[in-house]
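Laboratory data are not the source of any read-out in this text; all were calculated from the coordinates shown. In this text, all values refer to a predicted model and were calculated from it rather than measured experimentally. We place every Cβ from the backbone using ideal geometry, glycine too, and count neighbours over all the protein chains shown.
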Amino acid sequence: MKVKRSEEEKIRKAAKVINERILQYQRMYTGRDNQDFLAMSALQFAIQVLEMKEKSDVNPAIKQIEEINQQLAGYLQRV
């Protein structure tokens, strides 16, 4: 994945959050495929974004989360 140097730290943090969420699901649901955990994580993040949109009309954090969510969706399609 190629990212701008200015966005590298944000991407690393997002990846860490995603990996932590996946580990939580792996502990809760043993015997599932990693793709299931990725999908569950993506769904959880999408729900959080939608809930944040409902609470706030315009928020820079929402735009960043949407960008991360789009990047995650693109990654999931390639995997």
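Some notes on this structure:
- When each of 2/63; 16/55; 4/53 is checked by Cα-Cα distance, pairs over 23 Å: 16/55; 4/53
- Projecting the Cα atoms of 30, 40, 71 onto the charge dipole of segment 5-78 (Cβ charges, centred on the Cα centre) puts 30 farthest toward the positive pole.
- Helical segments meeting 15 Å axial Cα length and Kyte-Doolittle 0.0 threshold in the chain (DSSP H): 34-55
- Cα point-scatterer Debye curve for segment 5-78, base-10 log of I(q)/I(0) at q = 0.16 Å⁻¹: -0.62
- Rough spin-label spacing in nm, given labels placed 7 Å along Cα→Cβ, for residue 53 and residue 36: 2.9 nm
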